[in-house]
Amino acid sequence: MAASSSSLLLRRGATGGAGRRGGPGEALRRLVSSSEAAPAEKVPARSPPVMPPFEHRPRPYAGWSGDEILAKRKQFLGSSVFYYYQKPLNIVEGKMQYLYDENGKRYLDCFGGIVTVSCGHCHPDIVNAVVEQTKLLQHTTTIYLNQPIVEFAEALASKMPGNLKVVYFVNSGTEANELAMLMARLYSGNLNMIALRNAYHGGSAGTIGLTGLQTWKYPIPQGEIHHVMNPDPYRGTFGSDAIAYAKEVEEQINYGTSGRVAGFIAETFQGVGGAVELAPGYLKLAYDTVRKAGGVCIADEVQSGFGRTGSHYWGFQTQDVIPDIVTMAKGIGNGLPLGAVVTTPEIANVLAQKIQFNTFGGNPVCSVGGLAVLKVLDKEKRQAHCADVGSHLVNRLKELQQKHEIIGDVRGRGLMLGVELVTDRKEKTPAKAETNLLFEKLKDLNILVGKGGLHGNVFRIKPPMCFTRDDADYLVDAMDYAMSGL
């Protein structure tokens, strides 16, 4: 991801690449230097694209400047709290798919607060629901009866297939995956978990073990967790051969465990890993293997749920499977600290042997906010919207790929997309320095995207789900303009 200081961005790739002499940081400095020194006649005489109009006037900002905030961040927040861009943005206001900085400059948000803003920044229906509930009752916990938590749970359960009908509310995706892993181990009576390489499941001591990217893992005990190859159609050893990848799951169980496992967890679309959609048919084969070994199957829908993929409401539905446990967060609250675990009554019952409690999980404010999110997504038909706009955006990105050799892969569906940049299409060499340079250029063109993948060379395009075709065209035109200047 981005660096924790301005100079660090030049020393590291987006997910922590080394800054040794001759590394990506040095390459970025050479790129910047060469672009500044390039003769003017080599750059096409071309005007930058114009952002679509938007009827919103941001309020005048009277708070601390970005420089003041940065200084205080360095003093009072940990150095591990990173930020994007060589000169970080001071974002002070948001409206639907747009963000505004301290000077009132408007940016097209193509990353949605790291895939968290589903309905749009400050969507009025959600804001009103949260404000009214806050005026009435902010917090009680589940030791008392309260309508919002059960009303929200009922609405959420209605979106789930099969017997996935019991809901536990938590505060984040990390908490959701921790609870899911606990359920799997208690229900199965086994300890071994299987996860995918290139996966991200959270930043707690337990979920760091599930995560399969070294850039996010501290050197602590991982705890009975085995990582198998991720079925990546672009970079994977077996391409799109789901059978070959699933065979490795079976071999890992046979050779790396007692033959019995607690569970298997996977994102259908690996988010932090660079918007990698798993090879078609993989989950059905992997689930069968894991269940035969006594394990339960967990779908991590923290980023891909709630219709973002366009074709389906849940990412796992693209693989024609029904998990035993589903975890979710981010888009479920449109920015509220909210997560959930949904499972079957049989699995849920294993937690009753001890006291299981979450102080803030399902609090009245977050519950009415989450319910408002579900209503907005239905009322505004956002799943169908994601399918339409996403299809248009993918087609435009693939056209751009034909024009610019640096684009190695365009992948994903709906508004859950990734664009991987390479310096050599045959070798698929990660274009680390070029990605960092284009990242800055897009920001200067008022476009905010994310970065992902082990090498930080994938643009993550996951905007608020109110993102329009005009926004998509502006994004692609800006990418074309920026890449033409390399």
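The values are calculated or read from the model by the stated rules, or taken from the named source; none is laboratory data. Computed from a predicted model, the values in this text were never measured in an experiment. Heads up, the Cβs are rebuilt from the backbone with ideal geometry, glycines too, and the neighbour counts pull from every protein chain shown. In case anyone asks, the SASA skips ligands and DNA or RNA and just uses the protein heavy atoms, side chains included. Shrake-Rupley method; radii C 1.70, N 1.55, O 1.52, S 1.80 Å.
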Specify which of the listed residues (199, 176, 205, 262) is closer than 25 Å to residue 354 by Cβ, in contact with a Leu (Cβ under 9 Å, 6 or more places away or on another chain) and of a type outside the set (Val, Ile, Thr).
262
Give segment 386-427 a look and list any residue that's farther than 21 Å from residue 477 by Cβ and over 19 Å from the mean Cα position of the chain (by Cα), or say none.
422, 423, 424, 425, 426, 427
Could you identify the single residue in 389, 368 that is buried (at least 24 other Cβ atoms within 10 Å of the Cβ) and over 16 Å from residue 176 (Cα atoms)?
368
Provide a single number: the residues in segment 169-205 that are open to solvent by less than 50 Å² (accessible area, probe 1.4 Å) and either farther than 22 Å from residue 452 by Cβ or not assigned by the TED database to the domain that holds residue 272 (or both).
13
Given the conditions (1) outside the structural domain of residue 370 (by the TED database); (2) surrounded by 15 or more Cβ atoms within 10 Å (Cβ to Cβ); (3) of a type outside the set (A, V, I, L, M, F, W, C), and given that residue 103 satisfies all but one, which numbered condition is not satisfied?
(2)
May I ask you to verify whether residue 336 is surrounded by fewer than 24 Cβ atoms within 10 Å (Cβ to Cβ) and either within 23 Å of residue 373 (Cβ to Cβ) or in contact with a Cys (Cβ under 6 Å, 6 or more places away or on another chain) (or both)?
yes
So, of the residues in segment 206-232 that are hydrophobic (A, V, I, L, M, F, W, C) and without any contact (Cβ under 8 Å) to a residue 24 or more places away in the chain, which turns out to be surrounded by the fewest Cβ atoms within 10 Å (Cβ to Cβ)?
220
The helices (runs of 4 or more DSSP H) lying entirely within segment 123-221 that contain at least 1 residues which are under 17 Å from residue 360 (Cα atoms) are 124-136, 147-157, 173-188
Based on what the data block shows, is residue 446 open to solvent by less than 10 Å² (accessible area, probe 1.4 Å) and within 22 Å of the chain's Cα centre (by Cα)?
no
Looking only at segment 237-277, filter to residues that are charged (D, E, K, R) and part of a helix (DSSP H, G or I); which one of those is nearest to the chain's Cα centre (by Cα)?
248
